[in-house]
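The values are calculated or read from the model by the stated rules, or taken from the named source; none is laboratory data. Just so you know, these numbers come straight off a predicted model, no measurement behind them. Positions of Cβ are backbone-derived with ideal geometry, glycine not excepted, and every protein chain shown enters the neighbour counts. Protein only, heavy atoms only, side chains kept; ligands, DNA and RNA dropped before computing areas. Shrake-Rupley method; radii C 1.70, N 1.55, O 1.52, S 1.80 Å.
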Amino acid sequence: MVQLIVGKKGKGKTKHLLDKVNSEVKNISGSIVYLDKSTKHMYELNNKVRLINVSEYLVENDSEFLGFVCGIISQDHDLQQMYFDSFLKISCLESADITAAVSKLEKISETFGVDFILSISLDEADLPENLKEKVIISL
């Protein structure tokens, strides 16, 4: 399953994402990975959550990002959830249509049983129609 937290930059999406990951870590038996553009939120995350700074891995486009995500999944068979803060930035989709990437994440989710929660700096009104049903928080 893919879920979206949406809103313009500076609206507080990261706070909601951090609250969600820290509450979920108590309820699931598998592991959780949090992808971000820096390690700024390291001390706000529960120590059971693995933080990965995507900018350290030379990801240059959305295809490389999806391959990176699949690589993480292949290394952890207990992985249940992945959180993507600043999704447009870390996936290199800031000036592109996100529909195809989210569709591929949905297929990856179904295949490997990993849930994805994405923080996206767009208003809900600016999302493509087919993605609006995935919104869990709109700021």
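Data for the structure
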read-out	value
Test item: Cα-centred dipole of the range 1-46, Lys/Arg +1 and Asp/Glu -1 on Cβ, debye	320
Solvent accessible area, Å² - Leu139, 1.4 Å probe, full protein context	60
Distance from the range 55-105 to the range 1-52 (C-alpha centre basis), Å	15
The chain - charge dipole about Cα centre, Lys and Arg +1 at Cβ, Asp and Glu -1, debye rounded to 20	480
Candidates Thr111, Thr39, Thr99: whichever shows maximal mean-square fluctuation once the chain is modelled as a Gaussian network with Cα springs under 10 Å	Thr111
Amide H contacts under 5 Å for Leu79, placed H, 5+ residues apart	Ser31
Sum of side-chain charges, Lys134 neighbourhood, beta-carbon under 13 Å (Lys, Arg +1; Asp, Glu -1)	-4
Debye, to nearest 20: dipole size of the range 54-108, +1 on Lys, Arg Cβ, -1 on Asp, Glu Cβ	140
The range 45-139 - percent relative contact order, Cα under 8 Å, separation 6 or more	29
